[in-house]
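S.K.: Here it is, the structure in full.
The values are calculated or read from the model by the stated rules, or taken from the named source; none is laboratory data. Remember, it's a predicted structure, so these values are computed and weren't measured experimentally. Neighbour counts run over all protein chains shown; Cβ positions are idealised from the backbone, glycine included.
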Amino acid sequence: MARRALTDAVAADLADDAALARDAELTRLRSEVAGLKARYKAALGQIDRERERADALAGLRGIQPKRAAKRTGKAKRHAASMVLLLSDVHCEERVDPDTVNGLNSYDLDVADRRIDELQERFFLLLEHERRLANIRRVVVWLGGDLISGHIHDDTAEMAQLAPLAATRWIGERCRGLIDAAADQADEVIVTTSSGNHGRSTEKLRVGTEMEHSFEQHLYLTLAGAESRDNVRWQVGTGYLNYLDLDGFTVRFHHGHAVRYGGGVGGITIPTNKANAAWDAIRRADLSCFGHWHQFSWQRAGRYVSNGSVIGHSAYATRIKAAYEPPCQAAVVIDHERREVTKAFPVFCDRDLRGT
């Protein structure tokens with residue numbers, strides 16, 4: 001009796017184990033079927049996407065190229081003026097490469113070569129732009145700080161020439177540039193602004209600023225000795241110098257009246273504020289200035305900021321100014337559109353690049 005009971009218990013346990021095994025196998029098979037169904041569904045989706053892609057590609061097979069229509073006559077080129085900005089040369093100031101971590105080196109010889117390169121590049125750009133526009137007029141802006149002067153002890157120590165000698169030195173290069181422009185254009189307008197460096201006083205004057213400017217004296221001397229019939233001078237007599245180019249007004253100034261203390265946004269915000277204040281008195285279609293040694297073109301703000309010929313200096317490092325290679329600026333003004341169509345840097349840093 002006891003043996004039979006034991007046998008029945010063992011049989012029951014075996015039956016339970018078999019049931020558990022069947023349930024586990026069934027669960028495994030169900031999971032596998034679910035996985036197969038998911039992969040099957042994904043495969044069907046991929047097939048549908050590939051079919052759609054194949055149908056789309058098949059629909060593009062019949063596309064034929066459409067060639068641009070040829071003009072029946074010669075394309076009309078709008079009348080335009082091209083402006084060269086020349087400022088912040090600081091011709092007689094030395095830059096010791098040891099003071100700027102080797103980023104720059106500057107002396108009279110380098111200044112001479114950079115001015116030559118600037119002239120070369122500008123006239124190449126003028127030739128190129130004439131393929132797109134009818135440019136018969138060139139404007140040359142002499143924008144100040146052509147010399148560094150002796151306004152501080154350190155500028156006097158770094159100067160290779162005294163202020164009057166430096167003025168004569170840069171005057172010869174300006175004369176050569178203007179004569180070359182006169183050979184390249186039917187009309188040349190030379191417009192001027194005096195900088196804050198080339199002055200005979202320790203502190204900057206306001207009402208009599210021009211009376212103490214070596215650069216202003218240079219401009220008047222060059223204008224008085226002008227011998228080219230196609231060259232016209234417009235020497236500024238105040239801080240702002242307005243030039244009318246067939247109804248398009250350009251405002252020139254050196255830039256030292258724009259108050260910028262550094263910080264986010266750069267010179268854009270103070271420049272826009274200054275232009276808005278001046279526009280309330282007399283509106284300009286474009287403002288051109290230098291002083292800050294930063295090339296910038298703001299189409300919405302209607303201004304072009306010029307770079308520098310001297311390039312990076314110990315002073316720029318001290319005020320934490322961003323590095324910018326030596327460059328000036330050129331501007332193309334389309335008179336039919338009545339707007340600036342191009343403004344770009346004209347680099348003069350061949351000596352630094354070793355090319």
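S.K.: Please pick out the residue among 355, 317, 268, 341 that is at pLDDT 95 or above and of a type in the set (S, T, N, Q).
M.R.: Answer to the check: 341.
S.K.: List the pairs whose first member sits in the stretch 212-240 and is touching a residue at least 60 places away in the same chain (Cβ under 8 Å) and hydrophobic (A, V, I, L, M, F, W, C), whose second member is crowded, with 18+ Cβ neighbours inside 10 Å and not in a helix (DSSP H, G or I), and whose Cβ atoms are under 6 Å apart, counting only residues at least 6 apart or on separate chains?
M.R.: Once the first residue is touching a residue at least 60 places away in the same chain (Cβ under 8 Å) and hydrophobic (A, V, I, L, M, F, W, C) and sits in the stretch 212-240, its partners that are crowded, with 18+ Cβ neighbours inside 10 Å and not in a helix (DSSP H, G or I) give 214/198.
S.K.: Another question, if that's okay. Taking the options 194, 213, 200, name whichever one is out of contact with any His (no Cβ under 7 Å at 6 or more places or on another chain), of a type outside the set (Lys, Arg) and surrounded by 15 or more Cβ atoms within 10 Å (Cβ to Cβ).
M.R.: 213
S.K.: With the checklist (1) part of a helix (DSSP H, G or I); (2) closer than 25 Å to residue 287 by Cβ; (3) touching a Cys at 6+ places or on another chain (Cβ under 7 Å); (4) not β-branched (Val, Ile, Thr) in hand, flag the one item residue 166 doesn't pass.
M.R.: All conditions are met except number (2).
S.K.: Taking the conditions exactly as written (small (Gly, Ala, Ser), surrounded by fewer than 17 Cβ atoms within 10 Å (Cβ to Cβ) and part of a helix (DSSP H, G or I)), does residue 156 satisfy them or not?
M.R.: Spelling it out, residue 156 is indeed small (Gly, Ala, Ser), surrounded by fewer than 17 Cβ atoms within 10 Å (Cβ to Cβ) and part of a helix (DSSP H, G or I).
S.K.: Sticking with this one: Pick from the stretch 222-272 the residues that are out of contact with any Leu (no Cβ under 8 Å at 6 or more places or on another chain) and among the polar types (S, T, N, Q): which of them is surrounded by the fewest Cβ atoms within 10 Å (Cβ to Cβ)?
M.R.: Within the stretch 222-272, the match that is surrounded by the fewest Cβ atoms within 10 Å (Cβ to Cβ) is 227.
S.K.: Here are some residues: 288, 327, 348. Which one is closer than 16 Å to residue 249 by Cα and either at pLDDT below 95 or of a type outside the set (Val, Ile, Thr) (or both)?
M.R.: 288
S.K.: Out of 63, 151, 147, which single residue is part of a loop (DSSP other than H, G, I, E, B) and touching a Phe, Trp or Tyr at 6+ places or on another chain (Cβ under 8 Å)?
M.R.: Sole residue among the options that is part of a loop (DSSP other than H, G, I, E, B) and touching a Phe, Trp or Tyr at 6+ places or on another chain (Cβ under 8 Å): 147.
S.K.: If we keep just the residues of the stretch 94-125 that are in a loop (DSSP other than H, G, I, E, B) and within 22 Å of the chain's Cα centre (by Cα), which is surrounded by the most Cβ atoms within 10 Å (Cβ to Cβ)?
M.R.: 104
Conditions tested, residue by residue: (1) closer than 30 Å to residue 334 by Cα; (2) surrounded by fewer than 18 Cβ atoms within 10 Å (Cβ to Cβ).
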{"site": "127", "(1), (2)": "yes, yes"}
{"site": "136", "(1), (2)": "yes, yes"}
{"site": "139", "(1), (2)": "yes, no"}
{"site": "148", "(1), (2)": "no, no"}
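So that you can scan it fast, the table gives a plain yes or no per residue for (1) among the β-branched types (Val, Ile, Thr); (2) exposed (fewer than 10 other Cβ atoms within 10 Å of the Cβ); (3) modelled with pLDDT under 85:
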position: 38; (1), (2), (3): no, no, yes
position: 54; (1), (2), (3): no, no, yes
position: 58; (1), (2), (3): no, yes, yes
position: 62; (1), (2), (3): no, yes, yes
position: 71; (1), (2), (3): no, yes, yes
position: 75; (1), (2), (3): no, yes, yes
position: 82; (1), (2), (3): no, no, no
position: 85; (1), (2), (3): no, no, no
position: 90; (1), (2), (3): no, no, no
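S.K.: Scan the stretch 176-204 residue by residue and report those that are closer than 27 Å to residue 257 by Cα, assigned to a loop (DSSP other than H, G, I, E, B) and either in contact (Cβ under 8 Å) with a residue 40 or more places away in the chain or touching a helix residue (DSSP H, G or I) at 6+ places or on another chain (Cβ under 6 Å) (or both).
M.R.: The answer is 193, 194, 195, 196, 197, 198, 200, 201, 202, 204.
S.K.: Consider only pairs whose beta carbons are under 6 Å apart and that are at least six residues apart or on different chains; among these, list those whose first residue lies in the stretch 162-173 and is closer than 15 Å to residue 111 by Cα and whose second residue is of a type outside the set (A, V, I, L, M, F, W, C) and buried (at least 20 other Cβ atoms within 10 Å of the Cβ).
M.R.: Sorted first by the residue in the stretch 162-173, then by its partner, the pairs are 166/92.
S.K.: So, in the stretch 301-355, exactly how many residues are closer than 24 Å to residue 135 by Cα and of a type in the set (A, V, I, L, M, F, W, C)?
M.R.: Of the residues in that region, 13 qualify.
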